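One structure is given below, encoded as structure tokens.
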Amino acid sequence: MIQSPTAVVRPTAPLDSAAAPSIAHGPSAEPTRVLTRFEDWARRTPQAPAVIDATRTWTYQDLDAAAARVAAALGDRVRPGDLVGVCLDRSAALVVTAVALARIGAVYLPLGPRPGERRTQAVTEDLDVACLIGDPGVLPEAHRGGEHAPLPLPTEGVNAPATAVAAFSEAVRGTRRAPEGSLYAVLTSGSTGRPKAVAVAEPSLSVALDWYRAETGLAPGDRQSLLIGVAFDPHLLELWAALTSGAALVPAPDDTRWDSRVLTDWWRDTALTHAVAATPTVEPLLNRPWPQGLKLRHLVVGGDRMRRRPGADVTATVHNAYGPAEATVLTTAHTMRGTDPEAGDQAPPPIGTALPGVTLVVTDEEGRPVARGQEGELRVGGHCLALGYLDPELTARRFTAPPREAELPAVDRLYRTGDRVRMNADDSLDFLGRLDDQVKISGVRIEPVEVEAAFEQDPRVRTAVVTVLRDSSDHGRLVAHVRAADGADPAPGELLDAVRAWLPEQAVPSGVRIVDGFPLDANGKVDRPALAALARSEAPGTHRTGTADAPADADTDAGATPTERLVLTTVRDLLGRPGTALADNFTDAGGTSIIAARLLAAVEAETGVRLRAPELLRSPDLRTFAALVEQRRTPRPEGA
């Protein structure tokens, strides 16, 4: 749940002297057993609901028995320590799979319900993945044709698979295994151009779960969201927080991530008491009156910068959380309530103080602690730390010994986050940006080099450079600058289609520029700021990506209706693609789930028409979507 940059300077209490180092420790913590806590609840309250959705409820007894059947079905094909790729969506089937793998001692590797073909291929080439679990119809080709072992997973309810198998490939497996004691591993963006996996042990997750239960009071009778995308580690906080508290999990339908109003309707309809959500999803809610009739008591948000504090009308306690996957989901949090004197402030809040068992150190370039109030790199230690990457050399570079100048007798290693922060006198942190080229798009960490490598897999591409453009609200989008191979003339849309097999949705650029070469800086390196400036200010007539990135044709827009112009203007602004036309499909033009949510919110604000994300996605082009808006549009009274 890493945050993205905020450069707001907050007043801090006077410091006693410059000698006060930027070192802070959270309260003490004692790791516990995650699976044991679930099994205790299954014995104590077997008939209590464990998973609830619109059509079915699974009790703790049901879940425990189903996990035992799945573990038995995997038999001796999956052993303790084996990596298992999980290609399921948020569903009862996912929950059963997580419990079954924990019971076996296998390592849960979440890939998401439709992992990209080439991305999955890269993972299985690098890692020793025993099998993939999912619907055979959506598994990558190499696993569709191999041996399939049917699994007795639930096929009812929200996002349920039509059928589920453990798919074993005959292809040569990678050699990297998870470290001993791993509970799960997750993929993060890799600077080598391939995703890297980081492994986390059960004790580390248990400390985060203990904080969550203590801070939010999650208990039997409560309902916890299962909302975060399965490929991202915060969903594990949701899943195991409920199962270790005797509470019920409620899997989220897919359209909740596209539309903040659909999200709050879902909170209300399911009587959720606790939720975790990405900051970009929650942000629109803070710009309008807080929904009424909610039972939501606690909302944990993270993954991007909060641009303002929740207002006085927000009835839930909001926790602004920060943490890399290498430090087990979250390491700091800042709690906010509607009764706070600062409620409604437009300044971004801090990312908080250290959670139990966490040590924070802000260092200079040499690794020495800086004084309070000074900027530096955040390093994290304590119980929260992951075991490391499945690449020992990378682990050695990023997980380092504490600096000698810091008196940290109980900390034997620190993770270098690459994040630039400032520690205040009250131990809270302000997030100031990144120290490297890594960027955040819609709350997801992305290494531009990984996106570049995906383009360069295409034989039509000689070289690719990726830059990020930000709008006035600091929302970012990626642009790929591609130099074609000799004799090739690739269409930008075809290149984008090709990289979708390699990359998660958030890492697919919104546009591609075909260029003859790249500007260089004084050191002979590619001048990325200059490239970004060219993409931002290119004049009409300059060679660009294609129709969607070319300047708008005034003659084409002249016959557009007011509603069509509204849709076009909004989409062009959100995508940063001035040539987007009414005949373009929203997704093909670069639309993502976050951009769809902003488009729907903008259309509703201007017209009063509330549409759902599926209606946008089913529209073959923007003209059809605009016609749907027009059809439902009700004229506003004068003066409204």
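Side notes on the structure shown:
- Residues that are in contact with a Ser or Thr (Cβ under 9 Å, 6 or more places away or on another chain) and of a type in the set (Gly, Ala, Ser) within segment 318-346 comprise Ala321, Gly323, Ala325, Ala327, Ala333, Gly338, listed in sequence order.
- Listed conditions (1) out of contact with any helix residue (DSSP H, G or I) (no Cβ under 8 Å at 6 or more places or on another chain); (2) at positive phi are all met by Gly157, apart from (1).
- Selection within segment 350-390 - charged (D, E, K, R) and surrounded by fewer than 18 Cβ atoms within 10 Å (Cβ to Cβ): Asp364, Glu365, Glu366, Arg368, Glu375
- Number of positions in segment 163-173 that are more than 26 Å from the chain's Cα centre (by Cα) and assigned to a loop (DSSP other than H, G, I, E, B): 6
- Search result, residues across segment 249-278 that are of a type outside the set (D, E, K, R), over 17 Å from the mean Cα position of the chain (by Cα) and within 20 Å of Ala602 (Cβ to Cβ): Val262, Thr264
- Residue match in segment 134-156 (condition: in contact (Cβ under 8 Å) with a residue 60 or more places away in the chain, under 23 Å from Leu63 (Cβ atoms) and not in a loop (DSSP other than H, G, I, E, B)): yes
- Lone qualifier among Leu263, Leu272 - being in a loop (DSSP other than H, G, I, E, B) and of a type in the set (A, V, I, L, M): Leu272
- Yes/no for Ala92 being in contact with a Pro (Cβ under 6 Å, 6 or more places away or on another chain), of a type in the set (Gly, Ala, Ser) and either within 30 Å of Thr273 (Cβ to Cβ) or in contact (Cβ under 8 Å) with a residue 40 or more places away in the chain (or both): yes
- Against the conditions (1) at pLDDT 95 or above; (2) in contact with an Asp or Glu (Cβ under 9 Å, 6 or more places away or on another chain); (3) not in a helix (DSSP H, G or I), Gly112 satisfies every one except (1).
A quick yes/no check of all residues on (1) at pLDDT below 75; (2) closer than 21 Å to Ala491 by Cβ; (3) not assigned by TED's automatic domain parsing to the domain that holds His475; (4) not aliphatic (A, V, I, L, M):
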residue: Gly524; (1), (2), (3), (4): yes, no, no, yes
residue: Leu534; (1), (2), (3), (4): no, yes, no, no
residue: Ala560; (1), (2), (3), (4): no, no, yes, no
residue: Gly590; (1), (2), (3), (4): yes, yes, yes, yes
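- Strands (runs of 3 or more DSSP E) wholly inside segment 6-82 containing at least 2 residues that are modelled with pLDDT of 95 or more and either of a type in the set (Asp, Glu) or surrounded by fewer than 19 Cβ atoms within 10 Å (Cβ to Cβ) (or both): 57-59
- Conditions (1) buried (at least 19 other Cβ atoms within 10 Å of the Cβ); (2) assigned to a loop (DSSP other than H, G, I, E, B); (3) in contact with a helix residue (DSSP H, G or I) (Cβ under 9 Å, 6 or more places away or on another chain); number of the one not met by Ala178: (3)
- If the condition is being in a strand (DSSP E or B), within 25 Å of the chain's Cα centre (by Cα) and more than 23 Å from Ala197 (Cα to Cα), then segment 421-458 contributes Val421, Arg422, Leu429, Asp430, Phe431, Leu432, Gly433.
- Residue count for segment 567-613, restricted to those that are assigned to a loop (DSSP other than H, G, I, E, B) and among the hydroxyl-bearing types (Ser, Thr, Tyr): 3.
- Only one of Ala333, Ala347 that is surrounded by fewer than 20 Cβ atoms within 10 Å (Cβ to Cβ), touching a residue at least 60 places away in the same chain (Cβ under 8 Å) and at negative phi: Ala347
- Condition check for Pro280: more than 28 Å from Asp82 (Cβ to Cβ) and not in a strand (DSSP E or B): yes
- So Thr417, is it surrounded by 20 or more Cβ atoms within 10 Å (Cβ to Cβ), outside the structural domain of Trp502 (by TED's automatic domain parsing), within 20 Å of the chain's Cα centre (by Cα) and assigned to a strand (DSSP E or B): yes
- When residues of segment 283-325 are limited to those that are assigned to a helix (DSSP H, G or I) and within 19 Å of Val444 (Cα to Cα), the one modelled with the highest pLDDT: Ala325
- Test: residue in segment 399-409 that is in a loop (DSSP other than H, G, I, E, B), of a type in the set (Asp, Glu) and at pLDDT below 85: yes
- Lone unmet requirement of (1) of a type in the set (A, V, I, L, M, F, W, C); (2) within 26 Å of Ala93 (Cβ to Cβ); (3) surrounded by fewer than 24 Cβ atoms within 10 Å (Cβ to Cβ) for Leu187: (3)
The values are calculated or read from the model by the stated rules, or taken from the named source; none is laboratory data. Small disclaimer: the values here were computed from a predicted structure and weren't measured. Cβ sites come from the backbone with ideal geometry, for glycine too, and all protein chains shown count toward neighbours.
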